Amino acid sequence: MNPSSKIFQKLAVLLVLTASMAMSVEFAGGGLVRAASETEAAAQVGKAAPDFKLPATNGKTVDLSQYKGKVVVLEWFNHQCPFVKKHYESGNMQALQKDYTAKGVVWLSICSSAKGKQGYGSAAEHDAEVKSTKAAPTAVLMDEDGKVGHLYGAKTTPDMFVIDKKGVLVYAGAIDSQADTDISSIKGAKNYVKEALDELLQGKTVATSSVKSYGCSVKYQ
């Protein structure tokens with residue numbers, strides 16, 4: 001093999017390696033872009049709340065966008081979770097639901113437990129639970145595949161989200177400041193959801209916009 005052929009081969013190999021590296025960089029860059037897009041698509045305080053459609057226990061489909069112009073609360077629940085039981089057995093959650101829906105707030109209780117997992121229930125079972133606990137949400141929604149739960153980054157039950165009249169997410173996180181299952185601690189707790197709703201209804205800016213949620217992990221599939 002003459003010298004010129006060897007030089008040509010080396011150049012060819014170099015070109016292949018360069019192209020391969022470029023493809024790898026492009027792929028890695030694409031991966032980073034996709035990851036960023038997924039993060040941006042998830043609910044973020046201060047940005048428009050992602051729209052969604054979910055079946056309600058009454059057989060209808062609820063579209064979040066239909067409530068534009070109203071304050072909306074999203075409550076992730078699992079009635080078998082002791083942290084959720086704390087707020088229902090005490091009547092705390094029902095009191096919030098009744099108080100604020102009477103003031104025009106839309107309250108959507110969402111179950112993202114997958115079939116066969118703790119907290120999962122049929123429409124009839126969820127309705128029976130609402131009746132037995134005397135709960136008063138605007139609607140109970142079923143998110144069996146967990147898509148909406150993941151969209152909002154719901155991690156625990158309960159996990160609470162408040163959306164203002166413009167459709168902007170203004171609060172996300174814990175219901176209150178007492179991360180325990182002790183009913184007696186509710187009385188002295190700082191209720192972040194109540195504070196956020198009161199501020200919104202008074203035309204004020206929500207002072208505390210995010211607090212780490214506590215409770216049982218959402219039982220996704």
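The values are calculated or read from the model by the stated rules, or taken from the named source; none is laboratory data. All of these numbers come straight from a predicted model, not from anything done at the bench. Here the Cβ is made from the backbone with ideal geometry for all residues, glycine too, and neighbour counts use every protein chain on show.
I'm trying to understand the selection: among the residues of the range 63-78, which are more than 16 Å from E129 (Cβ to Cβ) and crowded, with 20+ Cβ neighbours inside 10 Å? Before the answer, list the steps.
Of the residues in the range 63-78, the ones more than 16 Å from E129 (Cβ to Cβ) are 63-74.
Across the range 63-78, the qualifying residues are L64, V71, V72, V73, L74.
Give me a count of the residues in the range 167-207 that are charged (D, E, K, R) and without any contact (Cβ under 8 Å) to a residue 12 or more places away in the chain.
4
In this structure, is K86 assigned by TED's automatic domain parsing to the domain that holds N191 and either in a loop (DSSP other than H, G, I, E, B) or closer than 25 Å to S185 by Cβ (or both)? Steps first, please.
On the way: assigned by TED's automatic domain parsing to the domain that holds N191: yes; either in a loop (DSSP other than H, G, I, E, B) or closer than 25 Å to S185 by Cβ (or both): yes.
Yes, satisfied.
What residue, among those in the range 205-216 that are exposed (fewer than 12 other Cβ atoms within 10 Å of the Cβ) and more than 14 Å from V168 (Cβ to Cβ), is farthest from the chain's Cα centre (by Cα)?
A207
Of everything in the range 89-110, what is closer than 23 Å to G167 by Cβ, touching a residue at least 12 places away in the same chain (Cβ under 8 Å) and assigned to a loop (DSSP other than H, G, I, E, B)? Give them in sequence order.
Within the range 89-110, K103, G104, V105 qualify.
Tell me, yes or no, whether the range 147-163 has at least one residue that is without any contact (Cβ under 8 Å) to a residue 40 or more places away in the chain, in a loop (DSSP other than H, G, I, E, B) and crowded, with 17+ Cβ neighbours inside 10 Å.
No, the conditions are met nowhere in the range 147-163.
Do we have any residue at all in the range 124-134 that's buried (at least 19 other Cβ atoms within 10 Å of the Cβ), at negative phi and in a strand (DSSP E or B)?
Looking through the range 124-134, none of the residues is buried (at least 19 other Cβ atoms within 10 Å of the Cβ), at negative phi and in a strand (DSSP E or B).
Quick test for you: out of V148, V168, pick the one residue that is under 18 Å from G46 (Cα atoms) and either in contact with a Leu (Cβ under 9 Å, 6 or more places away or on another chain) or at pLDDT 95 or above (or both).
The conditions single out V168.
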